[in-house]
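A.B. asks: Just passing along the structure, written as structure tokens.
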Amino acid sequence: MSRAGAIERTCTPSALKRPKGSLLADRRGAVAFEALIVFSFMLFSLLFPAADLAVASFQFISALEALRGFGQYVQYYQPQPDVTNITTWVSGLRTTVAGYTIGNIKVLCGDTGAGVACTAANMTTSPTKYYSYTTTVTLTPLVLKKVLCTSKNINPCAFTLPYTERFQ
């Protein structure tokens, strides 16, 4: 028997006809229907939460870079001549960097963890001085709101990031 004869026998028009019976017995379209269910499950359970985490991480990285950039800016505009009198110095500083508002600016004396506000009395006892400031990041997650927004603040998706920069 030749190979061509075997092919002709299986591809006859009678073999290609739909088998008789119910539509449920014909399973040829089941995979296409199941693919829609699997794709929607993967989209809502994997891709959207991953996108929320990616956007949140980009916002946190951007805010930390804004704080770091403000620290570099402050290195060039140090309070002169007296560090303890920062009221006139702070009023001349810019308050936004890369869209993030910088606030709560302080000059601390001592270690970064236990620094206290600099005064004329503790200026000579502690040679190490730091700037301390903060900014706020507000997240807008689509799917992971209950996971990412757990604080009990007025805006539960707002996070305050502190930063310190040594200058002396």
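A.B. asks: Could you please report the charge total around GLN75, scoring K, R as +1 and D, E as -1 over all other residues with beta-carbon less than 13 angstrom from its beta-carbon? List each step's numbers first, then the result.
C.D. replies: On the way: positive: ARG68, LYS129, ARG166; negative: GLU165.
Net charge around GLN75: +2.
A.B. asks: Under a plain spin-label model, where a point goes 7 Å from the Cα along Cα-to-Cβ, how far apart in nm are PHE58 and ALA158?
C.D. replies: Calculated label separation equals 2.3 nm.
A.B. asks: Between VAL147 and MET42, what is the FRET efficiency for a Förster distance of 22 Å, r being their Cβ-Cβ separation, to the nearest 0.05?
C.D. replies: Working: r = 19 Å, r/R0 = 0.86.
The value I calculate is 0.70.
A.B. asks: Among THR134, THR140, what is the fewest-to-most ranking by other Cβ atoms within 10 Å?
C.D. replies: Arranged by neighbour count, lowest to highest, THR134, THR140 become THR140, THR134.
A.B. asks: Between TYR77 and ALA121, how high is the FRET efficiency from 1/(1 + (r/R0)^6) when r is the Cβ-Cβ distance and R₀ = 22 Å? Nearest 0.05.
C.D. replies: Efficiency at R0 = 22 Å is approximately 0.30.
No lab work stands behind these numbers, since they all come straight from the coordinates. Just so you know, these numbers come straight off a predicted model, no measurement behind them. Using ideal geometry, Cβ is built from the backbone for each residue, glycine included, and neighbour counts are taken over all protein chains shown.
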